[in-house]
Amino acid sequence: MDFISTRGLGAVSAGTAILKGIAEDGGLYVPSFFPKLSKEDLRNMVAMDYAERAACIIGMFLSDYSEAELLDYARKAYARFDGEPAPVIGVDETTYIMELFHGPTLAFKDIALTLLPHLMGAAHKKCGSDKKTLILVATSGDTGKAAIEGFKNVDGTEIVVIYPSEGVSALQKLQMQTSNGNNVHVLGIKGNFDDAQSAVKRIFNSAEAKARFEKLGYALSSANSINWGRLVPQIVYYISAYVDMLGCDEIAEGEEINFVVPTGNFGDVLAGYYAKKMGLPVSKLIVASNINNVLTEFFTTGKYDTNRPFHKTMSPSMDILISSNLERLLFEIFDRDATKVRELMDSLKNDGEYSVDLDEIFDKVPEFLAYSSDEDGTEATIDNFFETYDYLLDPHTAVAVNSYNDYLTETGDQTKTVVVSTASPYKFAHDVYEAVSGKDEPEPFRAVKKLHSYTMTAIPKEISELETMDPIHTDVVEVKDIEKAIFAYFEKE
Ligand SMILES: *Cc1c(COP(=O)(O)O)cnc(C)c1O
């Protein structure tokens, strides 16, 4: 299968799309068509394990990889998880939680980022590239550590992670700062995620920067969800959840289900939409935002407007105003009209906003609904959910549950619904402990222990191990100096 840019540039192979990360014209790669899953395909997947399902689904898009090769990569990637990568847990008659946080860094980003290095390594060979790869990652907290765990010590690869120094949780920051690996660079910035993402995109779009890296022997690539190689592994868990529910007769063949997805850069929920485009019986995709609710406004008014205050919340991985992957949805809303997408993206770049006729959205993507949760609502949801179900939500997942509750109040919909749970509550121990106990414990590891005693839930070993590790990467720079700081990592040698 070929991949095309949302801004019109012509087709490339899957390997090239994954290596480049972003198209030359600044657009995002999308598959030239959506392969179809039949009822029989879904039924056949019931007996498969997660890695087999992944190889089968990813193979439908990455036709330049063999299924045996993909299965080998998927087995290696998902062996790093503590148990199943995407277990679905029923909490009441209609609500299910899909837990995506059992990977090495305790967030759903691991699902794609344990696999991406294998896909990229193979792409290098397939494309006959002799350059080393430089992975540039902007992170709102979870992608950075997940990318480091995926790419550390990978031959011929260097990784630079850029994160908002004051915009991530204490434990997220420590996870990144204590990373070992001989090819890892971690850069804090005095800015927010959007500043980090814009800097990365600017470097990708700068012929001068690219030439400078080329002279150093590097080709740039991205591990953000702008990279197709990040999105395709995420399609798998939507299908896998459905197949699991089918396998234990929670749903009948062909029955539609809803997904509720805590959303920031719009990668995760977009993967759910792609699963639907492949034929997965999905009714609604509920986009859940925190008070940085640009997407809620977009889906309810048609206006996408970043000219608003940026809020720091207890769900920092969703503190984003520029949701890059929405560009891929616009491409579908406008029947793959790249000229229209370019117009909207120019308007976003120049004016920080664009508008789409609301009827166009309702007409083309009626499955999307959007809600947002304010901080009090998120906190109360963590507390209530724990009281009611004895289940501890992280703040991102709580945003999703609170949004789902609003949806239920509004519609009374009885469709079975899967809430996508994106992180372990222990990554956000301070806020989660405060939500359930009403008490403040500012020291992160004391908060972890108190959360454990209060809820009798298990502390993930990746969190307890952090306590004895020393930060290695402590650089913090001004936004204007990001590019300079990155070059300094490589040109000093
Ligand atoms: C990244 C992240 C999200 C948002 O996912 P997008 O693909 O950016 O929409 C939600 N929750 C957590 C915990 C995350 O790390």
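Data for the structure
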| quantity | calculated |
| --- | --- |
| Prolate/oblate/rounded call for segment 99-248, Cα gyration tensor, a/c under 1.5 rounded | oblate |
| Kyte-Doolittle mean at least 0.0 and Cα axial length at least 27 Å: DSSP H helices in the chain | 228-247 |
| Alpha-carbon centroids, segment 187-264 and segment 423-452: separation in whole Å | 28 Å |
| Chain lengthening between Ser38 and Arg308 when straightened (0.36 nm per residue, less Cα-Cα) | 92.8 nm |
| Order of Met278, Met48 - criterion: other Cβ atoms within 10 Å of each residue's Cβ, fewest first | Met48, Met278 |
| Cα centroid separation - segment 373-392 against segment 459-487, whole Å | 30 Å |
| Range of Cα positions in segment 291-377 per principal axis (Å), largest first | 40, 29, 19 |
| Relative pair counts by distance (%), Cα atoms of segment 429-493, 5 Å bins | 3, 14, 18, 14, 9, 9, 12, 10, 7, 3, 0 |
| Spin-label pair Ser355/Ala458, simplified geometry with 7 Å Cα→Cβ offset, distance in nm | 5.3 nm |
| Charge dipole of segment 148-264 about the Cα centre (unit charges at C-beta), most positive-ward option of Pro233, Asn183, Ala252 | Asn183 |
| Computed over the chain, Kirkwood Rh from alpha-carbon pairs, angstrom | 22.6 Å |
| Charge context of Phe34, other residues only, Cβ under 11 angstrom, K/R +1, D/E -1 | +2 |
| Along principal axes, Cα extents of segment 157-236, largest first, whole Å | 37, 34, 27 |
| Contour minus Cα-Cα distance for Phe487 and Arg212 (0.36 nm per residue) | 98.1 nm |
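Laboratory data are not the source of any read-out in this text; all were calculated from the coordinates shown. The structure presented is a predicted model; accordingly, all values stated were derived computationally and were not measured. Positions of Cβ are backbone-derived with ideal geometry, glycine not excepted, and every protein chain shown enters the neighbour counts.
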